[in-house]
Amino acid sequence: MGLMAGEESRTVASTTACATAPASDGTETCERPAGGTDGPEPGHREGGAPGADDRGAGRSGPRVWTVRLLVVGIVLAALNLRPAIVSLGALLEEVRTGLGMSGTVAGLLTSLPSLCFAVFGVTAPRLARRFGPGAVVCAGLTAIGAGLLIRPFTGSTAGFLAVSALALMGIAVSNVLMPVIVKQWFPDRVGSMTGLYSMALALGTALAAAVTVPVTEALGGNWESGLALWSALAAAAVLPWLLFVGERGRAPAERTPARERNRGERRTPEEGTPGERVPGQHPSREQAPAPGLRITRSRTAWALAVFFGLQATAAYITMGWMAQIFRDAGVPASTAGLLLALTMVMGVPLAFVIPRVAARLPRQGPIVVVLGMSGLAGYAGLYFAPAAGALVWALLLGIANCAFPLALTMVGMRARSGEGVAKLSAFAQSTGYLISLPGPLLVGVLYQHSGGWGLPLALMSALLIPQMAAGVLAGRARTVEEEAAAGR
């Protein structure tokens, strides 16, 4: 955090070096300081990399405390993006008993996150354009808190599903907009901020898995209170985002400097490239999107969508059912929750390491295969010795679950332009979540009708084969723009 504070100070300090000048539309634009023609190009350090020193835009530059508050808000938001799912997985047996829920309906419940992410996630960019990303995230966190508080006390399976959908809707829009906000406010620190965000997400997942059962037991075994407790964390996350509702939440430098616009010079990362939409920018000042990029005709885009969907399938099956697998093998409920927490907490360090390694490799296929083989070994262990080697299987499945940060990394590597990244990300995630819908539900059906975990584990293992194949194809050194240009 000390490094971040230093970078924030440089970001704010840089805003004082930018003079403002009226543009033809009445807005203020950022001009180079007088005598600055001999200095380095704006938006670049002497080494040529984009820097924080030039990202400010006159009077719109945020104060240091505002940027720090946004960092706190991002961390708190990320902490809330998985407890609604994982806490339910830890208490699924109690919820099923309390509501008289069948295994098939429980499978539907574990498929609900994918459905909500696919349906509501695609609305997030449109909502952000209309109301601002900060306002949408604030509303999403409010929906998470309300859903988590209400759903345990609905008293019926239908009510539980409906209110769960409310919380998951909030997670869906927040999940989509977090990378947008990181890119908008921290264009020169996307890697470090994404790593911080991913680590907080993994930490929230592990925390929910570890403490839900012990806290429920401390509350007298009342599963309703154990689930509702997580609404307090969501309520705390809403507070910092109130500052970023509306105009106050917009990042600086959303306009293209007039002199650079006229002279055709390179834009800074925050100003965007031709065809790249800057989040929060007024439509009248946006660059027209570059024509011709049809993402559905890209083999790489489809491979990445399949990879994203199958890794999401494995992740939601793990979050929804792994604790139950251990409990059915005779592992105490509290220990099963800790094992699930161990699986989730593996994402904290690996979410930082894997993207950095992947970015240095021309092909990401070897990492895809390593993660897939870890999953196969973990599923085999759950079948042959679920209780005896529980710790090892939890670790292996934790490694396999780190396909998610790898998928996000490949989204950024498989497109050259800002428009390409946006289109590829939207396509891969929306299509991927649709692909992941049947998996958790089918596991619930197989579990109910077979009376054991043999068939579900066989299905989970079988899905890893096409996941690895799609990941290897998506990890090839090519971009969707190249495929569009080649007519493929």
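The values are calculated or read from the model by the stated rules, or taken from the named source; none is laboratory data. As the structure is a computational prediction, the values presented were derived from the model and not from experiment. Don't worry about glycine lacking a Cβ; one is built from the backbone with ideal geometry, like all the others, and counts go over all protein chains shown. Note: accessible area is taken over every heavy atom of the protein model, side chains too, but ligands, DNA and RNA are not part of it. Shrake-Rupley method; radii C 1.70, N 1.55, O 1.52, S 1.80 Å.
Would you call residue 209 surrounded by fewer than 20 Cβ atoms within 10 Å (Cβ to Cβ) and within 18 Å of residue 171 (Cβ to Cβ)?
Details: surrounded by fewer than 20 Cβ atoms within 10 Å (Cβ to Cβ): no; within 18 Å of residue 171 (Cβ to Cβ): yes.
Taking the combined requirement at face value, the residue does not satisfy it.
Check segment 420-433 and report whether any residue there is touching a residue at least 12 places away in the same chain (Cβ under 8 Å), among the aliphatic types (A, V, I, L, M) and in a loop (DSSP other than H, G, I, E, B). So that I can check it myself, show each step before the final result.
Start the filter on segment 420-433 by keeping residues that are touching a residue at least 12 places away in the same chain (Cβ under 8 Å), which leaves 420, 422-433.
With among the aliphatic types (A, V, I, L, M) added as a condition, the list becomes 422, 424, 426, 428.
Keeping just the survivors that are in a loop (DSSP other than H, G, I, E, B) gives none.
No, that holds for no residue.
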Test: residue in segment 330-346 that is assigned to a helix (DSSP H, G or I), within 22 Å of residue 464 (Cα to Cα) and open to solvent by 30 Å² or more (accessible area, probe 1.4 Å): yes
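Against the definition (surrounded by fewer than 16 Cβ atoms within 10 Å (Cβ to Cβ) and either at pLDDT below 90 or at negative phi (or both)), how does residue 292 come out, yes or no? Talk me through it step by step, then tell me what you get.
On the way: surrounded by fewer than 16 Cβ atoms within 10 Å (Cβ to Cβ): yes; either at pLDDT below 90 or at negative phi (or both): yes.
Against the criterion (surrounded by fewer than 16 Cβ atoms within 10 Å (Cβ to Cβ) and either at pLDDT below 90 or at negative phi (or both)), residue 292 qualifies.
On the given criteria, is residue 323 open to solvent by less than 20 Å² (accessible area, probe 1.4 Å), within 26 Å of residue 79 (Cα to Cα), in a helix (DSSP H, G or I) and among the aliphatic types (A, V, I, L, M)? Let's see the steps before the verdict.
Values: open to solvent by less than 20 Å² (accessible area, probe 1.4 Å): yes; within 26 Å of residue 79 (Cα to Cα): yes; in a helix (DSSP H, G or I): yes; among the aliphatic types (A, V, I, L, M): yes.
Judged against the criteria, residue 323 is a match.
Are there any helices (runs of 4 or more DSSP H) wholly within segment 63-134 with 3 or more residues that are modelled with pLDDT of 85 or more and open to solvent by less than 10 Å² (accessible area, probe 1.4 Å), and if so which? Quick ask: steps written out before the conclusion?
Numbers: elements: 64-79, 83-90, 92-99, 103-121, 124-131.
The helices (runs of 4 or more DSSP H) meeting that bar are 64-79, 83-90.
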Conditions (1) more than 22 Å from the chain's Cα centre (by Cα); (2) modelled with pLDDT under 90; (3) more than 27 Å from residue 65 (Cβ to Cβ); number of the one not met by residue 276: (1)
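Considering only residues that are without any contact (Cβ under 8 Å) to a residue 40 or more places away in the chain and either in a helix (DSSP H, G or I) or touching a Ser or Thr at 6+ places or on another chain (Cβ under 9 Å) (or both), look in segment 376-392 and name the one that is surrounded by the fewest Cβ atoms within 10 Å (Cβ to Cβ). Full working, then the answer.
Of the residues in segment 376-392, the ones without any contact (Cβ under 8 Å) to a residue 40 or more places away in the chain are 377-378, 381, 384-385, 388-389, 392.
Then keep just the ones that are either in a helix (DSSP H, G or I) or touching a Ser or Thr at 6+ places or on another chain (Cβ under 9 Å) (or both); that gives 377-378, 381, 384, 392.
Numbers: 377: 17, 378: 29, 381: 19, 384: 11, 392: 13.
That would be 384.
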Among (1) free of Cβ contacts under 8 Å to residues at least 60 places away in the same chain; (2) open to solvent by less than 40 Å² (accessible area, probe 1.4 Å) - the single one residue 220 does not satisfy: (2)
Qualifying residues in segment 419-459 (those that are small (Gly, Ala, Ser) and open to solvent by 50 Å² or more (accessible area, probe 1.4 Å)) - the one modelled with the highest pLDDT: 458
